[in-house]
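Q: Take this structure first; my questions come after.
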Amino acid sequence: MTFSQLAVYFEKLEATSSRLSLIEILSDLFKHSHKDEIEKIVYLLQGRVAPFFSPVEIGMADKMVAESIAQAFGISKEEVIKENNKKGDLGLVAFELAKHKRHKGKQEELSVSSVFESIKSIAGTGGVGSVEKKITALKELLEHMDEVSSKHLVRIPLGNTRLGIGDPTVLDGLATAKLGDKTNRKLLEKAYNETSDLGLIAKTLWSGGLDAVKKLTVTVGRPIRSELCERLPNPTKVFEKMATPHPEPSPTRGEGYMVGVHCTPKYDGFRVQIHKNGDHVTMFSRNLENMTHMFPEIIEGTLRQVKAKTVILDSEALAYQPESEEFLPFQETTKRRRKHNIEEMAKQLPLKTFVFDILYCDGKSLLDTPLIQRTEILKKAISGDEILIPAPGQILDKPEQLQILLDDSISKGLEGVVVKRLDSKYEAGGRNFNWVKLKRHSAGELQDTVDCVILGYIYGRGKRTEFGAGSLLVGLYDKEKDEFVTVTKIGTGLSDDEWREIHKRADKIKVDHKPARVNAIIEPSVWIKPEIVIEVLADEITRSPIHTAGMEIKPKVEKVDRQLGYALRFPRLVRFREADKRPEDATSVSELVKMYREQGRKV
Ligand code: ATP
């Protein structure tokens, strides 16, 4: 396939505002992709030349890309920047220039593979003179491009492909193109949960078929999609739903009594999945971002405290003072998620990481090993507790014990506890009743916050017009449909500075039509790409005729009969979560519906 053919698909994907047509376009694209190029096409769709978790960065900011454009089209960089200030997108600037100006010669078509390799080598260029080399390499590519190709090529190094395609939609596209059957799509999903690499899955499916995909499994160095928690209202409900036999005698009831749950404190930091391969350590966030360079002390701790040659650990890192047993608040810990001044921050705010699970040890995946056995392996795998603090948890056999641990965690300033089924396997990417979080309950409020995605903003009146927004239209993620639906508008609880900040961020991701994966009845003044995740506290969840969360739209003979959706009442912003959450990590509609059913019940 030529790059210009691929760019035509990009153009169609960008223009559509329906998710179904996203899948159709993708499926058509994949059907026309050869087995040697499908992997590359999948990465390019994500605006990358490697899987998301790989730390490959193309390393060209606006100014460098502007210079390449200037050189390719024979105008000054200042002119390019001036145009960019007007259009707000260097892709569009390149499009216009390519449309109106002819390059000097060099019009032969480049294949997707050769463009991919060129961009990859731009990413790999380093050292003295690398800025010039990158600029020249991109300029040379641009000299071969028509206007549509120029537009989409330029957006890749800028990390701004504007296609808005979620990973489940890519999986749908792959399945539609190759398999056509829901059961088999599940196999792709499993491979995705265990490898986090859509390019690899596509390549394997195209070259070895479904049997080869079934064999894809956990590898040290590739993140496993994290298992997440469901919610239950109180310890009694937890025992009713989750208690399972365990092999140990009960501490309170002696031999022969056999049911229990597993419990650990819920640490309020951020998830770190640690991969050790010999003396090489890599780390990943909950949203699969490579965080290896951020936490040198965790690398050191892993090398010192873990004997096994290959290991994958699941943990929660936070600033903690062991002497006083003091957990620092999330706002402190989160200062460590940065790309610069790492060594200095590591000294100022050293992290510990509480290791609560082990997913791989000495060449063997432990995903199918029951939790109770994994915790035994975990206890043996870590020596000492200087930086990696083992958190193998406790087995409880009565709701009263769970209540005591919950109260204890809260009194230590923690969020609550996480309860797990003793017999459960590690379900990569799963959120079900194998893991449940129990949190503090404050009267009049929901038992938990909700993570929302900002979908657009509505112009305000009076003082707020200064900041360009009166309220934010926010939504949730519908996992089953891979789309974003609206759940409330937020107008209060934001300081002037926060409004300014949101406005600044939102303006960079404004789009001129409703994004394809957004399903809404309310039309905001400005749509933005669903990217900014915020944590919201609300008083209650109500049914709503205008919000699309949980709303089925059923066509009737003559009219469209809209069911009610769900909405958040009296929402207020608690904090920004985009550092550790992707939009698809927002609270899902099915979680909201469960919270609706649970609300009001006392702990
Ligand atoms: P919240 O918004 O309530 O912090 P969340 O949306 O980030 O939760 P949940 O699935 O609700 O994610 O809770 C699981 C998260 O809790 C994990 O991703 C992990 O970061 C954190 N966590 C803290 N302690 C534990 C533990 N002992 N076991 C598992 N996860 C834990």
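The values are calculated or read from the model by the stated rules, or taken from the named source; none is laboratory data. A quick note: this is a predicted structure, and the numbers were derived from the prediction, not measured. FYI the Cβ positions are ideal-geometry reconstructions off the backbone, even for glycines, and counts take in every protein chain you see. Side chains included, ligands, DNA and RNA excluded: accessible areas come from the protein's heavy atoms. Shrake-Rupley method; radii C 1.70, N 1.55, O 1.52, S 1.80 Å.
Q: May I ask for the percentage of alpha-carbon pairs in the chain that lie more than 41 Å from each other?
A: 29
Q: May I ask for the angle, rounded to the nearest 10°, between helix 19-31 and the longest principal axis of the chain, with both axes built from Cα atoms and the value confined to 0 to 90°?
A: 70
Q: Using 16 Å as the cut-off for backbone N distance, which residues of the stretch 49-90 belong to the label zone defined by a point 7 Å from the Cα of K99 along Cα→Cβ?
A: It comes to 83-84, 86-90, nothing else.
Q: Among the listed pairs K82/K529; K425/K510; K237/K425; K120/K425; K309/K425, which are separated by more than 32 Å between their Cα atoms?
A: From K82/K529; K425/K510; K237/K425; K120/K425; K309/K425, over 32 Å: K425/K510; K120/K425.
Q: How many nm is it between the label spots at K412 and E523, if each spot is 7 Å from the Cα in line with the beta carbon?
A: 5.4
Q: Work from the charge dipole of the stretch 450-598 (Cβ charges, +1 for Lys and Arg, -1 for Asp and Glu, about the Cα centre) and give the residue of S525, A538, T587 farthest towards its positive end.
A: So the residue furthest toward the plus end is S525.
Q: If you don't mind, there's one more thing I want to ask. Is the stretch 187-339 rounded, prolate or oblate when judged by the Cα gyration tensor, a ≥ b ≥ c being the square roots of its eigenvalues, rounded requiring a/c under 1.5 and prolate requiring a/b larger than b/c?
A: Verdict is oblate for the stretch 187-339.
Q: Using DSSP to define loop residues, name the trypsin sites (Lys or Arg not before Pro) in the stretch 286-380 whose beta-carbon has at most 12 other beta-carbon atoms within 10 Å.
A: K307, R338, K339
Q: Taking N as the number of residues in the stretch 450-598, what is its Cα Rg relative to 2.2 N^0.38 Å?
A: Numbers: Rg = 14.9 Å, N = 149, 2.2 N^0.38 = 14.7 Å.
Normalised Cα radius of gyration, the stretch 450-598: 1.01.
Q: Mind checking the stretch 319-428 for GluC sites (Glu not before Pro) that DSSP puts in a loop (not H, G, I, E or B) and that have at most 11 other Cβ atoms within 10 Å?
A: Taking the stretch 319-428 and a limit of 11 other Cβ atoms within 10 Å, the loop GluC sites (Glu not before Pro) found are E323, E325.
Q: I would also like to ask the following. How large is ³J(HN,Hα) for each residue in the stretch 226-239, as worked out from phi by the Karplus curve 6.51 cos²θ - 1.76 cosθ + 1.60 (θ = phi - 60°), to whole Hz, x for Gly and Pro?
A: 3J(HN,Hα) across the stretch 226-239, in whole Hz: 5, 6, 10, 9, 8, 10, 9, x, 7, x, 5, 4, 4, 5.
Q: Treating the angle as unsigned and between 0 and 90°, give the value, to the nearest 10°, between the Cα long axis of helix 371-381 and the longest Cα principal axis of the chain.
A: Compared with the principal axis, the helix lies near 80 degrees.
Q: At 7 Å along Cα-to-Cβ for each site, give me the label-to-label distance between E344 and E325 in nm.
A: Modelled inter-label distance: 3.6 nm.
Q: Here's a follow-up. For R577, which sequence-distant residues (separation of 5 or more, or a different chain) have an amide H within less than 5 Å of its own amide H, given hydrogens modelled in the peptide plane?
A: For R577, whose amide H was placed from the backbone, the distant partners under 5 Å are V533, I534, E535.
Q: I would also like to ask the following. In Å², what does the accessible area per residue of the chain work out to with a 1.4 Å probe?
A: Roughly 44 Å² per residue, with all protein chains present.
Q: Right, another one. Taking Cα atoms, how many degrees apart are the long axis of helix 296-305 and the longest axis of the chain, rounded to 10 and kept between 0 and 90?
A: Tilt of helix 296-305: around 50 degrees.
Q: Dipole magnitude of the chain about its Cα centre, charges +1 at Lys/Arg Cβ and -1 at Asp/Glu Cβ only, in debye to the nearest 20?
A: Working: 93 positive and 89 negative charges, 176 e Å.
Dipole about the Cα centre, nearest 20: 840 debye.
Q: Over the chain, what is the mean sequence separation of C-alpha contacts under 8 Å (at least six apart), divided by residue count, expressed as relative contact order in percent?
A: Details: 1192 pairs, mean separation 76.9, N = 603.
Computed over the chain, the figure is 13 percent.
Q: Which one of I312, V417, G166 is farthest out on the positive end of the charge dipole of the chain, using unit charges on Cβ (Lys, Arg +1; Asp, Glu -1) and the Cα centre as origin?
A: Result: G166, furthest along the dipole toward the positive end.
Q: For the stretch 106-145, list residues with backbone N below 20 Å from a point placed 7 Å from the Cα of D36 toward its Cβ?
A: Under cut-off, by backbone N: 108-121.
Q: If you don't mind, another one. Can you give me the C-alpha center-to-center distance between the stretch 470-496 and the stretch 21-66, rounded to a whole angstrom?
A: First find each Cα centre; the distance between them is then 28 Å.
Q: Next question, about the same structure. Can you tell me the FRET efficiency between R572 and H280 if r is taken as the Cβ-Cβ distance and R0 is 51 Å, rounded to the nearest 0.05?
A: Calculated transfer efficiency: 0.70.
Q: When all protein chains stay in place, what accessible area (Å², nearest 10, 1.4 Å probe) is found for Y267?
A: 30
Q: How long is the gain from A212 to Q373 if the chain were fully straight, where each residue apart is worth 0.36 nm and the alpha carbon distance is subtracted?
A: Gain on stretching A212 to Q373: 55.0 nm.
Q: Heavy atoms only, probe 1.4 Å: what % of the accessible area of the stretch 282-358 goes to carbon and sulfur, would you let me know?
A: 53
Q: Under a 5 Å amide H to amide H cut-off, with H placed in plane at 1.01 Å, what residues pair with L422 once short-range neighbours are removed?
A: T244, H262
Q: Do you know the relative contact order of the stretch 258-439, to the nearest whole percent, from alpha carbon pairs under 8 angstrom that are 6+ apart?
A: Computed over the stretch 258-439, the figure is 29 percent.
Q: In the stretch 450-598, what % of DSSP beta bridges are antiparallel (nearest 5)?
A: Roughly 90 percent of the beta bridges in the stretch 450-598 run antiparallel, per DSSP.
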